[in-house]
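Participant: Mind looking over this structure? Questions follow.
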Amino acid sequence: MLKEKILKILNKQVNEELFSSYLYLSMSAYFSSINFEGFAKWMSLQSKEEYEHAMKIYNYILQRDGKVTLTKIETPKTSWSSALNVFQETLKHEQHITACIHNIVNMAIQEKDHATTNFFQWFVTEQVEEVATAGSILEKIKMIGDSKNGLFILDRELGQRQ
Ligand code: OFO
């Protein structure tokens, strides 16, 4: 059985991951609206990954005989000023999610919940990758600056994500 405070923070994280999925889907819609189909595809795949993260935690709660409590998902923004602006916010969001994951691990250690500490190691590693990927795309966009050609090439590159 999960301790009450662990159950609460895990349910909160399900909501955080579902919001991430919603946010990236909204970013995908924004990119489609400005005809950046590669960026849109990348964001839509990212949105699916976030849904999978939510489901991993959802299934873990059930496995530990906990009650999944779904709560209202915040409305994401629907427009941004540029691709640069989107990736600045993506990086910031992933840094926030990393802090949430670290918070869960800290609490699990404090509560001597070894199973949760162990389960969340996957997320700790995943967050290193998520932050690095968002950061590297952001750096590329900064290097490209105002070059339409550069953005066109990056759009093609991101559209290759499987
Ligand atoms: Fe779930 O890793 Fe991004 O938010």
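Participant: Please state the charge dipole magnitude for the chain, taken about the Cα centre, from unit charges on C-beta atoms (+1 on K and R, -1 on D and E), reported in debye and rounded to the nearest 20.
Facilitator: Charge dipole, the chain, about its Cα centre: 260 debye, nearest 20.
Participant: Going down the list Lys8/Lys41; Lys92/Lys148; Lys8/Lys112; Lys48/Lys72; Lys48/Lys112, which pairs span over 23 Å between their C-alpha atoms?
Facilitator: In this structure, Lys8/Lys41; Lys92/Lys148; Lys48/Lys112 exceed 23 Å between Cα atoms.
Participant: Ignoring everything except DSSP H segments at least 4 long, calculate the 222 nm mean residue ellipticity for the chain; use -39,500 (n - 2.57) per segment, divide by total residues, nearest 500.
Facilitator: So the helix-based figure for the chain works out to -27000 deg cm²/dmol.
Participant: Using a cut-off of 16 Å between alpha-carbon atoms, which aspartates and glutamates can reach Lys67, once sequence neighbours fewer than 8 places away in the same chain are excluded?
Facilitator: Partners found: Glu4.
Participant: Taking the Cα atoms only, what angle lies between the long axis of helix 4-33 and the longest principal axis of the chain, rounded to 10 degrees?
Facilitator: 10
Participant: Here is a further query. Can you put Met107, Met43, Met55 in order of Cβ neighbours within 10 angstrom, beginning with the fewest?
Facilitator: Met55, Met107, Met43
Participant: Quick one: Kirkwood hydrodynamic radius for the chain, alpha-carbon pairs, angstrom, one decimal?
Facilitator: Roughly 16.7 Å, rounded to one decimal.
Participant: While we're on this one: Cut-off is 10 Å between beta-carbons; in what order do His53, His114 appear when sorted fewest neighbours first?
Facilitator: By the 10 Å Cβ count, ascending: His114, His53.
Participant: Using the Kirkwood formula over every pair of different C-alpha atoms, what hydrodynamic radius in Å results for the stretch 26-82?
Facilitator: 13.3
Participant: For the stretch 83-162, state the semi-axes of the equivalent ellipsoid (square roots of 5 times the eigenvalues of the alpha-carbon gyration tensor), sorted largest first and rounded to whole angstrom.
Facilitator: After diagonalising the Cα gyration tensor, the semi-axes are 35, 12, 7 Å.
Participant: Something else now. Could you tell me the ratio Rg/Rh of the stretch 105-150? Both radii from Cα atoms, Rh via Kirkwood.
Facilitator: That ratio equals 1.37.
Participant: Between the helical axis of 83-110 and the dominant principal axis of the chain, each derived from Cα atoms, what acute angle in degrees is found, rounded to the nearest 10?
Facilitator: The angle comes out near 10 degrees.
Participant: Ordered by packing density, taken as the mean number of other Cβ atoms within 10 Å over each peptide's residues, highest first, how do 70-77, 1-8 rank?
Facilitator: 1-8, 70-77
Participant: Separate question: Given the options Ala99, Leu2, Tyr58, identify the residue whose Cα lies farthest towards the positive end of the charge dipole of the chain (+1 on Cβ of Lys, Arg; -1 on Cβ of Asp, Glu).
Facilitator: Working it through, the farthest residue towards the positive pole turns out to be Leu2.
We did not get these values from a lab; they are worked out from the coordinates using the rules stated. Keep in mind it's a predicted model, so treat the numbers as computed, not measured. Note that we place each Cβ from the backbone using ideal geometry, even for glycine, and neighbour counts take in every protein chain shown.
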